[in-house]
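> My structure is below; once you've seen it, I'll send some questions.
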Amino acid sequence: VTAFTAINLLVGALGPLAMAATTLAFNVNSVAWVPMIGMGIAVSTLVGQQLGHNRPELAARATWTAFWMGFAYMGTMALVYVVIPDVLLLGHKAGTTPEQFDALRDLTIVLLRFVAVYCVFDAMNMIFVSALKGAGDMRFVLLSTMVISPLPILAAWFGIRYFDLGLLWAWAVVTAWISTLGIIYLARFLQGRWKAMRVIEPEYAIEPTPEPPEPAVAVGGESL
């Protein structure tokens, strides 16, 4: 979040149009991104439950099912961003003059093409990092985030400061950043170490108390 905020501050230094188009593109992308948060919570829950039952194959099945559902949804949204972006901008057009909105619209449509590329990888990112978290692989998630997050800030700042690469460079950095995270978490998931992890170690797990048997009922209706 800190790295993302820092890149937004760099974009804000490029001028009000760049900042407005970036904010608008992110707001439009929330239509696709917010449901993936719920999907990620579901994946973490299912993975944790199935590993608790010592059934890693069902945890993997739940993760892949969620991934293909998320991939289909994000892929559909990516097509919408590219083919009919104006439909998503209708609400933002209200209350502005054509002169004010036209320049913002043209730049936002370009940025939505970046969104179309990275949102598919963002589905991969959300699903597989959620699976790793549900399994308890938090150290890898923490370390990979701490190592990778400063890099896009430096890349965006360096390109803007020394080469005048501008807004599109900052968005290319964000796209590469999100795509890289998705690939890293996919590789970690395929590595399979999470299958042997448990949030609660077996020696500390409390066995569930068995339910008492149902009382037998006699022919006359009285309990035996």
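The values are calculated or read from the model by the stated rules, or taken from the named source; none is laboratory data. Keep in mind it's a predicted model, so treat the numbers as computed, not measured. All Cβ positions, even for glycine, are placed from backbone atoms using ideal geometry, and neighbour counts span all protein chains on display. The protein model used for the area step is the full one, side chains on, heavy atoms only, and it has no ligands, DNA or RNA in it. Shrake-Rupley method; radii C 1.70, N 1.55, O 1.52, S 1.80 Å.
> Starting from the Cα-Cα distance between T45 and M138, subtract it from 0.36 nm times their residue separation and give me the gain in nm to one decimal. Don't skip to the answer; put the middle values down first.
Working: separation 93, 0.36 × 93 = 33.48 nm, distance 1.46 nm.
Gain in length upon complete extension: 32.0 nm.
> Still on this structure, I have one more. Please work out the Cα center distance from the range 101-179 to the range 13-63, rounded to the nearest Å.
Their Cα centres are 14 Å away from one another.
> At 1.4 Å probe radius, can you tell me the per residue accessible area of the chain in Å²? Don't skip to the answer; put the middle values down first.
On the way: 13060 Å² over 224 residues.
Value returned for the chain: 58 Å² of accessible area per residue.
> Additional query: So for each of 26-35, 106-115 I average, over its residues, the number of other beta carbons within 10 Å; can you give me the resulting order with the highest mean first?
In descending order of packing, they fall as 106-115, 26-35.
> Okay, next question. Only four residue types carry charge here, +1 at the Cβ of Lys and Arg and -1 at the Cβ of Asp and Glu. Report the dipole size of the chain about the Cα centre in Debye, rounded to the nearest 20.
Numbers: 12 positive and 14 negative charges, 132 e Å.
That gives a dipole near 640 debye.
> Jot down the radius of gyration and Dmax of the chain, Cα atoms only, both in angstrom.
Radius of gyration, then largest Cα-Cα span, for the chain: 23.7, 92 Å.
> May I pose another question? Rank W169, I148, F128 by how far each Cα sits towards the positive end of the charge dipole of the range 26-180 (+1 on Lys, Arg Cβ; -1 on Asp, Glu Cβ) and give me just the farthest.
F128
> Could you tell me how many degrees, from 0 to 90 and to the nearest 10, lie between the Cα long axis of helix 166-191 and the main elongation axis, the longest principal axis, of the Cα atoms of the chain?
20 degrees
> Something else about it: Could you tell me what percent of the accessible area of the chain is made up of carbon and sulfur, with a 1.4 Å probe and every protein chain present?
Values: 8880 of 13060 Å².
Percent of accessible area from carbon and sulfur atoms in the chain: 68.
> Tilt of helix 150-163 relative to the longest C-alpha principal axis of the chain, in degrees (0 to 90, nearest 10)?
10 degrees
> Moving on. Which whole-number percent gives the relative contact order of the chain, counting Cα pairs below 8 Å spaced six or more residues apart? Let's see the in-between values first.
Values: 215 pairs, mean separation 60.4, N = 224.
Reported as a whole number, the value is 27 percent.
> Further question: Can you give the angle from 0 to 90° between the axis of helix 56-83 and the longest principal axis of the chain, with both taken from C-alpha atoms, to the nearest 10?
For 56-83 against the chain, the angle is about 30 degrees.
> Per DSSP helix of 4 or more residues, -39500 (n - 2.57); summed, then divided by the residues of the chain. What does that give at 222 nm, rounded to the nearest 500? Show your work: numbers first, answer last.
Numbers: 8 runs with 174 residues, N = 224.
When only DSSP H runs of four or more count, the value is -27000 deg cm²/dmol.
> Give the calculated FRET efficiency between E201 and T76 to the nearest 0.05, with a Förster radius of 41 Å applied to their Cβ-Cβ distance. Please report the intermediate quantities before stating the final value.
Numbers: r = 42 Å, r/R0 = 1.02.
My answer for the efficiency is 0.45.
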